[in-house]
Amino acid sequence: MGVSKTYEAIVLKTYDIGEADRFCVLLTKERGKIAARAKGVRKLTSHMGGSLLPLQHIFINVHEGKSGFLVTAIERNTQKQSSKKINEFLSAQQGTELILKMIEDDHPVPKIFDLASKFFGACEPSALLPFKIRLLSILGVLPSPSEGKLASYIQEDECEYLKTCSDDGWQNPPKLSVQGVKRLNDLCNRIIDQQTSSILRAPEIANELTSISSECTSVESVPVYQRK
């Protein structure tokens with residue numbers, strides 16, 4: 001017969017299937033990452049389609065049967081969910097890919113859900129590194145700053161930044177130099193590479209789009225009479 005339950009969830013990814021269905025990958029507070037099918041939500045008469053889009057924070061009722069999870073009802077989170085600028089969207093995509101790759105299916109991770117909820121709520125590009133550090137810390141794969149090789153690799157201010165972001169202070173990290181940000185980013189990326197079996201695509205795409213956006217901005221800043 002199966003069981004129906006309501007979960008607080010963030011939509012990570014969606015796939016359109018069939019004529020009107022949508023397959024959704026959700027990060028739920030109660031069950032961790034799950035996949036559910038929503039039937040008929042792409043029809044014009046459906047009231048659920050607009051809520052089943054990436055980065056939406058929702059309360060979702062799903063029926064769990066032999067064939068998996070089936071979406072039966074959705075309620076939008078009352079918290080305002082604003083549209084995002086391109087740089088915020090690219091940061092969100094990188095955060096989404098990290099969660100998709102590093103979180104096991106159907107394994108409750110309330111700390112990561114809370115982390116994701118706060119990160120996706122703003123998606124400031126400057127929050128991406130603290131988000132990575134905090135995520136790796138929760139997963140237990142971030143080495144302690146006092147460990148031998150790591151202690152000799154990072155500077156004192158970088159060590160303090162790492163300690164702050166490893167805990168609940170990730171939203172208000174201390175200032176860090178450009179070189180320090182790069183060094184800690186490289187460190188996180190190496191750890192992520194060791195933990196995942198496939199290459200992350202979102203950072204590469206983000207770099208390409210950021211480069212294109214910068215080039216377009218440069219052209220727009222030149223007076224029309226000076227353009228060739």
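Ordered by the number of other Cβ atoms lying within 10 Å of each residue's own Cβ, fewest first, Y15, Y161, Y7, Y153 fall into the sequence Y15, Y153, Y7, Y161. When you filter the GluC sites (Glu not before Pro) in the range 1-99 for DSSP loop state and at most 14 other Cβ atoms inside 10 Å of their Cβ, you are left with E19, E30. Ranking of H57, H47 by neighbouring Cβ atoms within 10 Å, starting from the fewest: H47, H57. Structure note, pairs K5/K132; K13/K163; K13/K175; K43/K84; K118/K175: Cα-Cα distances above 29 angstrom occur for K5/K132; K13/K163; K13/K175.
Kirkwood radius for the range 35-183, taken over all pairs of different Cα atoms as the inverse mean of 1/r, rounds to 17.6 Å.
With a Förster radius of 45 Å applied to the C-beta separation of E160 and L44, the computed FRET efficiency comes to 0.25.
Taken together, the values in this text are just the output of simple stated rules run on the coordinates, not laboratory data. All values derive from a computational prediction rather than experimental measurement. We place every Cβ from the backbone using ideal geometry, glycine too, and count neighbours over all the protein chains shown.
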